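The values are calculated or read from the model by the stated rules, or taken from the named source; none is laboratory data. Note that the structure is predicted; figures quoted are calculated from it, not measured. Glycine gets a Cβ as well: all are built from the backbone with ideal geometry, and neighbour counts include every protein chain shown.
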Amino acid sequence: MNHQEAKDILTGLLPADKLSLIKVEVFRLSWEGKGYNIIADETGYDHDYVRKAGSQLWSELSTQTGSNITKRNFRPLLEEQLSSNLDERKHTLVYPGGGISFSSPFYIERTEEEARAYQEITRPGSVLRIKGPRKMGKTSLMLRIIDQADSEGYHVVKIDFMQADSAILGDLDRLLRWLCLHICQQLDIEQKLDEYWNELIGSKLSCSNYLQQYVLESLDQPLVLVINEVNLLFDYETVSRDFLPLLRSWHEESKHNQAMQKLRQILIYSTEVYVQLDMNLSPFNVGLPIDLKPFDGDQLANLAAVYGFNWRADGMANSPVTRLLTAIGGHPYLCQLALYHLASSATFIESPSNALKSLLSHSTDAGGIYSDFMQQLLQDFSNNDTAVAGFKKLHQEPGRELSRIELYQLERLGLLSIKDGKAVTSNHLLSDYLLANI
């Protein structure tokens, strides 16, 4: 237990005006079983001053807890009380995974990004682009934007390319029909694809006519069309070259078409598009981009507080917040998982910083807290020859330039971030794990 951890415990037990440096040190060193003489020697305070501070401390703790606290019995009594407090808090813990519910205290707001997103969906014909690696919080943000759209009275349709068969993603006509069918089903309107689909004008124009002349004309409020996992389409280059410009054309059409002004698009993806598109045809250079970043120190401190840990973003090398930033790059899901396991401890944790260090040191082992995440990462990585080649260049051939596709594939997996066109390792824990397993 360090000084700050001792102070954090006392802060939860005594009023702030009762705390002093000497009382915290007496508490910390007494917890370690040291007598007043040793405490005086280690702190440099006069022996009588130390004993007097200790006497005041035990008296104040007795008053606050309603128990007879002494130097001899304070530790087991306080451990029992603090463990009881943990039991009460554990009822509120929720295992991390998937989108975080609206009412959850474990959701850390991205205040600026959310405000801009809420504003953007009110603009006629708008395009909102949300980008971030796996488990970075895209779904949680999407749920909040959808909730905001609902509160505005808008219609919402959510399309997830994870639900589309590869045969559908690889065929433009089938994909567009699948899209239109899903829109009708979620809006609970009759599908009339055969009435609008015309082979002579092609699938793209047929789809646009269907959306404009049938779907949007039948709605009295704007339609928010959410397309999740857009990046899955990037692997189907021929289809991407047609589908992505179609999304852009809907945005451009809204500038002079009243019906199309009802459409607001939200595109969610995990990496920049690496399909070569004319910049005037791409949907990825229009609208509002939101690039989800890892948590910073202040956000991690706020998250830790929800789990009951009084951690600070103080920049100290051995502080828990710095450890989370250094080891796992502030990755939201991995940070949530670590804090969840610490907070789920059946006993009082004397030193959260040491407990976190120990937890992370075994986190990628078989049965470790990140074992499932790492296995999925390794599988995705191993099946991606481009990512493997780029990763080896990055770590085994420093200075060698990565191709555009290699950069974006590694970014999608959360293994690097791209700053000023250059690759920067963003998560050392993930990188070290893959280096040991390829």
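Computed values, structure above
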item	result
Tally, over region 114-143, of residues that are surrounded by fewer than 19 Cβ atoms within 10 Å (Cβ to Cβ) and under 23 Å from LEU300 (Cα atoms)	6
Region 149-194, subset in contact with a helix residue (DSSP H, G or I) (Cβ under 8 Å, 6 or more places away or on another chain) and of a type in the set (Gly, Ala, Ser), residue nearest to LEU219 (Cα to Cα)	ALA164
Qualifying position, being β-branched (Val, Ile, Thr) and either in contact (Cβ under 8 Å) with a residue 12 or more places away in the chain or in contact with a His (Cβ under 6 Å, 6 or more places away or on another chain) (or both), among VAL388, VAL424	VAL388
Residue that is touching a Gly at 6+ places or on another chain (Cβ under 6 Å), in a helix (DSSP H, G or I) and modelled with pLDDT of 90 or more, where the choices are GLN212, GLN261	GLN261
Only one of LEU267, LEU246 that is in contact (Cβ under 8 Å) with a residue 24 or more places away in the chain, over 25 Å from LEU93 (Cα atoms) and in a helix (DSSP H, G or I)	LEU246
Criterion (at pLDDT 80 or above and not aliphatic (A, V, I, L, M)) met by exactly one of GLU80, GLU5, GLU88, GLU112	GLU112
Region 91-103, subset more than 16 Å from ALA343 (Cα to Cα) and of a type in the set (S, T, N, Q), residue modelled with the lowest pLDDT	SER103
Checking PRO283 against (1) buried (at least 16 other Cβ atoms within 10 Å of the Cβ); (2) under 17 Å from the mean Cα position of the chain (by Cα); (3) not polar (S, T, N, Q), the condition it does not meet	(2)
Selection count, region 35-70, where residues are farther than 18 Å from LEU19 by Cα and of a type in the set (S, T, N, Q)	3
Selection count where residues are surrounded by fewer than 21 Cβ atoms within 10 Å (Cβ to Cβ), within 13 Å of the chain's Cα centre (by Cα) and without any contact (Cβ under 8 Å) to a residue 40 or more places away in the chain, scope region 294-328	1
Qualifying residue in region 363-373 (condition: in a helix (DSSP H, G or I) and farther than 19 Å from GLY132 by Cβ)	yes
Residues being surrounded by 16 or more Cβ atoms within 10 Å (Cβ to Cβ) and more than 20 Å from the chain's Cα centre (by Cα) - total across region 390-422	8
